[in-house]
Amino acid sequence: MKRVPANRKFIVPGFKFAGISAGIKKSGDRDLALIYSESPAIAAGMFTTNRIKAAPVKLAIENITSQKAQAIIINSGNANACTGKKGIKDAREVNKKTAEELGIPSELVYVSSTGIIGKPLPVEKINNAVPGLVDKLSPSSLRQVASAMMTTDTFAKMSSRKLKIGRKRGTITGIAKGAGMICPNMATMLCFIVTDIAINRQALDSALREAVTSSFNRLIIDNDMSTNDTVMILANGNLQNRPITKRSAEFNIFKNALNEITYDLARMIAEDGEGATKLIEVIVKGALTEADAEKIALAIANSMLVKTAIYGQDPNWGRIVAAIGYSGVEVNENTLDISLNKIKLVRKGLGTNKEKVARKTLSKKNIIITVDLGIGKETAKALTCDLTEGYIKINAHYST
């Protein structure tokens, strides 16, 4: 997956975007962003499964039952998590101020935050900045939103697809942030997806859940889950196509494009893992069920020993075998094949003595671990990165 060129413009008809600095971050970098639909949009969302949820997540879970949204205001540098009743009050104040400036009902505005946990939200700074944020709304400023969401990210994460819906061409575009505290169900991240395609709420929700299941829920950096994880999609129907339903011929086209976008974004998050030098994709095939393949893929992706071996360019396939064995899935050792970047290290459960060749391939930035269980036809993938000293340095001083 290639990073999006910095000069590429992302236009989604009927949507405007803005990103500015509100002074939340000491660095002075962008830290406040706005996504705005010119008309109310159908909305669907998925949120952290952490039992301790940030204030904006609690409000979003309440609001999403309306199945409508028109604006999302996002701040970085402060998570507004573990901030008690004041945190809820602060999130509501930002919601109200944004709605007033946009001239829309407050129930159509969602607030999202990311950053340090346990610090009061700087409401005054944010609300003072909202009028200027609204003034800067532009159809071509989505990249500003993507950069304003970043915390320890090193680059903005964006992906887009154009697809034929009947005789028209619609757009689906997504942005994400995330580099650390990444664990399945969901990864620690914010992700916002917008489309001008008309689609009913049931179909939109179904497509989103499938996309998240096969991308962000199979993404691991460090096995830590945040309090703020949010994925939302807004469909404003600006294309004026016949609304897609789960029975429509176009539903699979829409769903497949959304799957591609979320997987692109998940790959970017893995590539940008804190301190990472390598992107690792784990492919498990030949399983009896997809659930079995997923368990094994996640066990390998989550193994600290596998991740450090890849960093050290050590083709120690014994660590991969161990992860397969403790995954909880019934496997047959005698049918097991393991490859690193297509170099087969294990055939039918036995080593092939190709470690020397495999060591050279581990110098590459993109590493693919392929496991063939040889007992079925089902497949699953997981994404991760290597574990380095850089991860420790970043997280040893994150709040200071």
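What follows is calculated from the coordinates using simple rules that are stated; it is not laboratory data. Computed from a predicted model, the values in this text were never measured in an experiment. Cβ atoms come from the backbone with ideal geometry, glycine included; neighbour counts cover every protein chain shown.
Residues considered: Ile375, Ile310, Ile172. Largest GNM mean-square fluctuation over the chain, using C-alpha springs under 10 Å, is found at Ile375. In a shell of Cβ-Cβ distance under 14 Å around Glu290, excluding Glu290 itself, what net charge do Lys and Arg (+1) and Asp and Glu (-1) give? Within the 14 Å Cβ shell, the charges total +1.
Remark: the range 5-140 carries a charge dipole of roughly 420 debye about the Cα centre, counting +1 on each Lys and Arg Cβ and -1 on each Asp and Glu Cβ. When the chain is treated as a Gaussian network with alpha carbon springs shorter than 10 Å, the biggest mean-square fluctuation among Ser113, Ser37, Ser27 belongs to Ser27. Largest GNM mean-square fluctuation across Lys278, Lys381, Lys246, computed for the chain with C-alpha springs under 10 Å, falls on Lys246. Contact order, relative form, for the range 262-371: 30 percent (alpha carbon pairs under 8 Å, 6 or more residues apart, mean separation divided by residue count). When you filter the trypsin sites (Lys or Arg not before Pro) in the range 142-175 for DSSP loop state and at most 15 other Cβ atoms inside 10 Å of their Cβ, you are left with Arg167.
Scanning the chain for long hydrophobic helices, with DSSP H runs required to stretch 15 angstrom or more by C-alpha along their axis and to average at least -1.0 on the Kyte-Doolittle scale, returns 123-135, 201-213, 251-271, 290-301.
Charges were assigned to the Cβ only: +1 to each Lys and Arg, -1 to each Asp and Glu. The resulting dipole of the range 15-271 about its Cα centre is roughly 460 debye. Summary value for the chain: 17 percent relative contact order, contacts being C-alpha pairs under 8 angstrom separated by 6+ residues. Taken along its three principal axes, the alpha carbon spread of the chain comes to 67, 53, 39 Å, from the longest extent down to the shortest. For Glu389 and Asp314, the difference between the fully extended length at 0.36 nm per residue and the C-alpha to C-alpha distance is 25.4 nm. Only one residue of Ile368, Asn332, Leu383 has its Cα farthest out toward the positive end of the dipole of the range 279-396, where Lys and Arg carry +1 and Asp and Glu -1 on Cβ, and that residue is Ile368.
A simple spin-label model places the labels of Asn256 and Ile116 4.8 nm from each other, with each point 7 Å out along Cα-to-Cβ.
Measuring between alpha carbons in the structure, the pairs from Lys295/Lys365; Lys89/Lys307; Lys278/Lys348; Lys9/Lys168; Lys177/Lys307; Lys119/Lys381 lying more than 31 angstrom apart are Lys89/Lys307; Lys119/Lys381. The length gained on full extension between Lys377 and Glu100, counted as 0.36 nm times the residue separation minus their Cα-Cα distance, comes to 94.2 nm. Working from label points 7 Å from Cα in the Cα-to-Cβ sense, the Thr245 to Lys348 distance is 5.4 nm. A cut-off of 5 Å between modelled amide H atoms, ignoring neighbours fewer than 5 places along the same chain, links Gly77 with Thr114, Gly115, Ile116. In this label model, Lys360 and Ile61 are separated by 5.3 nm, measuring between points 7 Å along each Cα→Cβ vector.
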